[in-house]
Amino acid sequence: MTAVLDYRNVTVAFEGREVVQNLNLAIAPGECVALVGESGSGKSQSWMAPFGLSPGVAGGEAYLCGAPVIGADAASLSALRARHAGFVFQQPLTSLSPHLNIAAHLTEAFTQAGAPLPDQDMLIAALADVGIDRPAERLQQFPHRLSGGQRQRVMIAMALAHRPALLIADEPTTALDATLRREVMDLLNRLCRDRGMAMLLISHDLASVAHMADRIIIMHLGEMIETGPSDQILSHPASDYGRELLAATPRLTDPIPVHPVIGPPLLAANEIAVSFPMPGWRRPPLQAVADASLMVHEGEAVAIVGGSGSGKSTLARAIARLGPCDAGTVSWRGLPLPPRAKMRPQDRAGFQPVFQDPVASLDPRWRVADIIAEPAHHLGRGATRQFVLSIMAECGLTPDLADRRPQELSGGQAQRVAIARALITDPAMLILDEATSALDVLVAGRILDLLRRLQRERRLAMLMITHDLAVARQLCHRVIVMDQGRIIEQGDTEILIRAPHTDISRALIAASQ
Amino acid sequence: MFGLILRRLMASIPTLLAVVFLSFFLMRFAPGSPFDGERPLDPETRLALDAAYGLDQPIIVQFGRYITGLAHGDFGPSLVYRDFTVTDLIWTGLPVSLLIGALALLLAMAGGIAIGLAATLRPNGPLDCRLMLGMTLLTALPTFVTGPILALVFALWLGWLPVAGWGNGAPVYVVLPVLALTLPTMGAVAKLTRAGLAQIMTQDHIRAAQGRGISGWRLISRHALRPALLPVISYAGPAAAGLLTGAVVIETIFALPGLGRYFVQGALNRDYPLVMGVVTLYAALIVLFNLIADVLYGWLDPRVRG
Amino acid sequence: MRRLFNALPAMLVLLILVAAWLLPPFLPWDYRIIDWDHVSSPAFTPGHLLGTDNVGRDLLSRTLIGTRITTMVAIAAATVSLLIGTLWGALAGWCGGRIDNVMMRIVDALYALPFMFVVILLMVVFGRSILLVFIGIGAVEWLTMARVVRGQMLALRQRPFILASEAAGASPRFIIFRHALPNMAAVILAYLLLTVPQVVMVESFLSFLGLGVQEPMTSLGILVKEGADDMDVFPMALMVPGGVLVTLVICLTLLGERLRDRWTA
């Protein structure tokens, strides 16, 4: 049987620089192959450039259903894509044309391979097939009315409408809410199996593709590091890189970590409420957080988990006096904290935040040493270069980085700078807002190691916002689960993971497995 | 949609009142009077005139009267063109200004979008570069430079068209003023279209459509053009206003009996009601243009419809 | 070659500015003095490189002085718009909420004014003076700058590094002046460069209508107006000041757009 997609020594170059080297792969009908790698591994370019969807220059030979892809002129390549391939992209929010309704999108997808115009029933059936509720109603709606999960389902319906031989799904669930990822992955899996369609799945997360791929290819810096059946790669990776990748992803099945002992109460938040005014006339405000109380002890790490829009970040910012707070009190070592506008530098010195996007959280015009010293400067005591360098060393940063600017740092280095800045005031607590989720797997693993070391050595308390229970489990004594602005469940991490009481907790656990 | 229009109309009332208020008091606190002619009037005639036009009343009373009149569609009498009301003057001048402005706006939009599209077909190609340089040139050419040059070439040297005048709106008289007024706006529209398309073409939904095998003209017309025109539409409201007020210069160059000339004359002669009438009318027209632009915007982008 | 082409706008602007500010004292004829022997004389007449106007004043001198006045007004007005616009926009963007709403409503309302008419009104009402010309123009041109700066401020406020600075204990003033404004300086500069040609246009427009600077002072707009009046017999009088005006506006626009595209991308 001929392969649906056949790559022979494919290379991709950008302005003469090779980002993919000698990639060989073959996908048989009905087979699912996963291409796994960190950002910069060339995993996306390895399909976008040959298919003419990026400005990269592809070399070598590639065949889709027997027809050559590389070297084909734009028109025939376009026809080939329309006929045999379907695509699901990472960004469901922006991959639909904003001014066309769902029916127009689907009709276009149905007819792209030359099929006659579909009737209403076919469109409705296609939407129902991907699990969209009230499909008849959705047809007339515009993309902005649909949620991210629904939009990704529409993208999947479109990718499958013309019955392609090959589906290429590039990080299809990365931009989705954690509680939805598993569902969408399962949907893709079911549809492929039902229709005997071949699938190329691109992902940065080895664990998440393991259960659906027949074979896995691991890429690193444009090169194929290893390939094999997925259970073999998951159990006994042959390469060092594969082993490292596997070890860096925390999983709920890892051995139970030992957490440091905890001390007296440090921070107590009482009945916090936050609401946002909604645009429009006389629309009621959105209650982002309601009636949330929590306590953190010295040396204790507490995770706030929940889906997007659950209010977990809003709550943390309200507590840290970095966001709006309508009601409720926060006390620090037994004394009440003033409201946001009245916070003095010495009020803030005890707890410091670390944000999700490491590069964006550093002022691009400042030098690393000045960025790290800023909190000390506001405290009025300043910091000697010696002291800054020692904190940098503690966070694994070499002294030569001190005079660089943020854009000259890698993501991991930037996050270490952000952590160093948080440590310069010698705080008792860190507030980590998805501090590892924007980083590559290996880098995130090392940042997590650093945080664990700091937790032990400095007896740091932590308030950690995350959607990933497996990450939370690495550091946290306790877990608080939020949904729609309310705390719905909380308890000891291990107990909650073993015996969750709510559906939201169960969905979060499933997503972290 | 209806609610939006209604709300915008309500919101424009304070703006218009502010315009009336500002222009009223600005004019009144200015030195000079409409009755300052070549030689000074004797005090008695002066007082009589002031009384006849209500200028001897306290200023608040005058303002109140003016607003009341305005609410009834009455702009009051002209103080300089003594036999005419301001409404009469507006009715003679407005059609000329409006015709020229509307024609220029249509031409500028149609031509500008077409040129922007032509440039986008081969991004950064020789045609693109030349067109865009040309369009920058057009936006930088003030109408009072292009107007005389056009007249010089087409009227004086080639003799195809009349140099100036209105000729009761005969087409040959309209061509040059409209052309001079069109060019800078057309350049701006072309550049906005080009920039809008260039930005849209890198977006995710375009790549997704390419993945479905859509390419070339169909990709642009179906998936890119409508979102790319959004900045053009936001520009169109102020541009329409600019064309209307910009017509002041064109009317001067080509000696057209439009509203702009009445305005400049009125301002120089302290003809309070005339000046305020024109300013109020133009502010209302600008509000109207922006409203139309907003409605168009909603048609192009379903997201703002909510 | 390509590099030369890219540098051309900046070089031309510099050339025009230097000529306008340094050259006039060295010319044989002052811009006010009438040469009775040469009225409406063509280019290359002895002593008058570019000829004279219809009352016998040296065209080159007058164009250079006109350029000087026009650029002076433009720079002053652009500075006025920069100061008002940046402060207004930064304050609105920083405060957000209701204050922002009210401040931007005011800007919207002013946008709806037939602004050219307002400037004309100001000129007529308060009499013509150079000072007033640029205050009037600057007071109108600041609206765009305020919108741009507010937009930048709103976007910057969302950036985590601003929040991080607040968490570090920085005061609002420190954040605005040490973090926010330096990060939008490039965008502000680009729009400033784009404001200058706008102001040049408005000033010329006013002068053209006879509402700008007064004789014997001159400006590019007045020269173009005079040139247009007798272009049929002496096109030079239109071409020279018109050419300088257009070159200046185009080069500044190109420079501003290039900066803007580089920094807002």
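Only a single criterion out of (1) open to solvent by less than 20 Å² (accessible area, probe 1.4 Å); (2) without any contact (Cβ under 8 Å) to a residue 24 or more places away in the chain is not satisfied by A:Leu201, namely (2). The single condition from (1) modelled with pLDDT of 85 or more; (2) open to solvent by less than 40 Å² (accessible area, probe 1.4 Å) that A:Gly60 fails is (2). Report yes if some residue within the stretch B:230-246 is in contact with an Asp or Glu (Cβ under 7 Å, 6 or more places away or on another chain) and closer than 30 Å to A:Arg283 by Cβ; otherwise report no. Yes. Would you check if there is a residue in the stretch A:165-177 being more than 12 Å from chain B (Cβ to nearest Cβ), without any contact (Cβ under 8 Å) to a residue 60 or more places away in the chain, open to solvent by 10 Å² or more (accessible area, probe 1.4 Å) and within 25 Å of A:Pro98 (Cβ to Cβ)? Checked the stretch A:165-177: at least one residue is more than 12 Å from chain B (Cβ to nearest Cβ), without any contact (Cβ under 8 Å) to a residue 60 or more places away in the chain, open to solvent by 10 Å² or more (accessible area, probe 1.4 Å) and within 25 Å of A:Pro98 (Cβ to Cβ).
Just so you know, in the stretch B:190-221 the residues that are of a type outside the set (A, V, I, L, M, F, W, C) and farther than 23 Å from A:Pro92 by Cβ include one that is surrounded by the most Cβ atoms within 10 Å (Cβ to Cβ), and it is B:Thr193. Residues considered: A:Arg195, A:Arg153. Of these, the only one that is surrounded by fewer than 18 Cβ atoms within 10 Å (Cβ to Cβ) and charged (D, E, K, R) is A:Arg195. Criterion first (within 19 Å of B:Met186 (Cα to Cα), touching a residue at least 40 places away in the same chain (Cβ under 8 Å) and away from chain A (no Cβ under 14 Å)) does B:Pro257 satisfy it? Considered against the rule, which asks whether it is within 19 Å of B:Met186 (Cα to Cα), touching a residue at least 40 places away in the same chain (Cβ under 8 Å) and away from chain A (no Cβ under 14 Å), B:Pro257 comes out as no. If we scan the stretch C:59-73, do we find a residue that is open to solvent by 10 Å² or more (accessible area, probe 1.4 Å), more than 17 Å from C:Val224 (Cβ to Cβ) and modelled with pLDDT of 80 or more? Yes, the stretch C:59-73 contains at least one residue that is open to solvent by 10 Å² or more (accessible area, probe 1.4 Å), more than 17 Å from C:Val224 (Cβ to Cβ) and modelled with pLDDT of 80 or more.
Scanning the stretch B:99-150 for residues that are more than 25 Å from the chain's Cα centre (by Cα), at pLDDT 85 or above and within 14 Å of another protein chain (Cβ to nearest Cβ) returns a single hit, B:Arg130. Per the conditions (1) among the small types (Gly, Ala, Ser); (2) within 28 Å of C:Met239 (Cβ to Cβ); (3) open to solvent by 70 Å² or more (accessible area, probe 1.4 Å), the sole criterion not satisfied by B:Ala71 is (2). Whenever a residue of the stretch B:287-304 is away from chain A (no Cβ under 14 Å), its partners that are assigned to a helix (DSSP H, G or I) and basic (Lys, Arg), lying with C-beta atoms within less than 6 angstrom and at least six residues away or across chains, give the pairs B:Leu291/B:Arg8. Tell me whether the stretch A:59-73 contains one or more residues that are farther than 21 Å from A:Met185 by Cβ and β-branched (Val, Ile, Thr). Looking through the stretch A:59-73, at least one residue is farther than 21 Å from A:Met185 by Cβ and β-branched (Val, Ile, Thr). Taking the stretch A:460-513 and the helices (runs of 4 or more DSSP H) fully enclosed by it, the elements with 3 or more residues that are closer than 20 Å to A:Leu315 by Cβ are at A:469-475, A:503-511.
What residue, among those in the stretch A:373-389 that are in contact with a helix residue (DSSP H, G or I) (Cβ under 7 Å, 6 or more places away or on another chain) and at the interface with another protein chain (Cβ under 10 Å from one of its Cβ atoms), is farthest from A:Ile272 (Cα to Cα)? So the residue we want is A:Ala373.
With a requirement of 1 or more residues that are away from chain B (no Cβ under 14 Å) and closer than 24 Å to A:Arg181 by Cβ, the helices (runs of 4 or more DSSP H) lying completely within the stretch A:19-128 that satisfy it span A:45-48. Take the conditions (1) open to solvent by less than 40 Å² (accessible area, probe 1.4 Å); (2) within 11 Å of another protein chain (Cβ to nearest Cβ); (3) under 30 Å from A:Ala109 (Cβ atoms); B:Gly187 misses just one of them, which is (3). Among the residues of the stretch A:453-491, the ones that are in contact (Cβ under 8 Å) with a residue 12 or more places away in the chain, under 17 Å from A:Glu298 (Cβ atoms) and open to solvent by 20 Å² or more (accessible area, probe 1.4 Å) come to 5 in all. The set of residues from the stretch B:168-184 being modelled with pLDDT under 80 and either open to solvent by less than 10 Å² (accessible area, probe 1.4 Å) or not in a helix (DSSP H, G or I) (or both) comprises just one member, B:Ala170. The set of residues from the stretch C:208-224 being modelled with pLDDT of 75 or more and farther than 20 Å from C:Leu122 by Cβ comprises C:Thr218, C:Leu220, C:Leu223, C:Val224.
The one condition from (1) facing chain C (nearest Cβ under 10 Å); (2) on the phi < 0 side of the Ramachandran plot that B:Arg270 does not meet is (2). For the stretch B:222-251, filtering for residues that are without any contact (Cβ under 8 Å) to a residue 40 or more places away in the chain and surrounded by fewer than 22 Cβ atoms within 10 Å (Cβ to Cβ) leaves 2. If you check B:Arg194, B:Arg207 for being more than 19 Å from B:Gly242 (Cβ to Cβ), part of a helix (DSSP H, G or I) and within 11 Å of another protein chain (Cβ to nearest Cβ), only one passes: B:Arg207. The C-beta contact set for the stretch A:341-361 (first residue more than 8 Å from every other protein chain (Cβ to nearest Cβ), second residue open to solvent by 10 Å² or more (accessible area, probe 1.4 Å) and in a helix (DSSP H, G or I), distance under 6 angstrom, 6+ apart or interchain) comprises A:Pro358/A:Gly411.
The values are calculated or read from the model by the stated rules, or taken from the named source; none is laboratory data. Because the structure is predicted, anything quoted here is derived from the model rather than measured. Positions of Cβ are backbone-derived with ideal geometry, glycine not excepted, and every protein chain shown enters the neighbour counts. Only protein heavy atoms, including side chains, enter the accessible area calculation; ligands, DNA and RNA are left aside. Shrake-Rupley method; radii C 1.70, N 1.55, O 1.52, S 1.80 Å.
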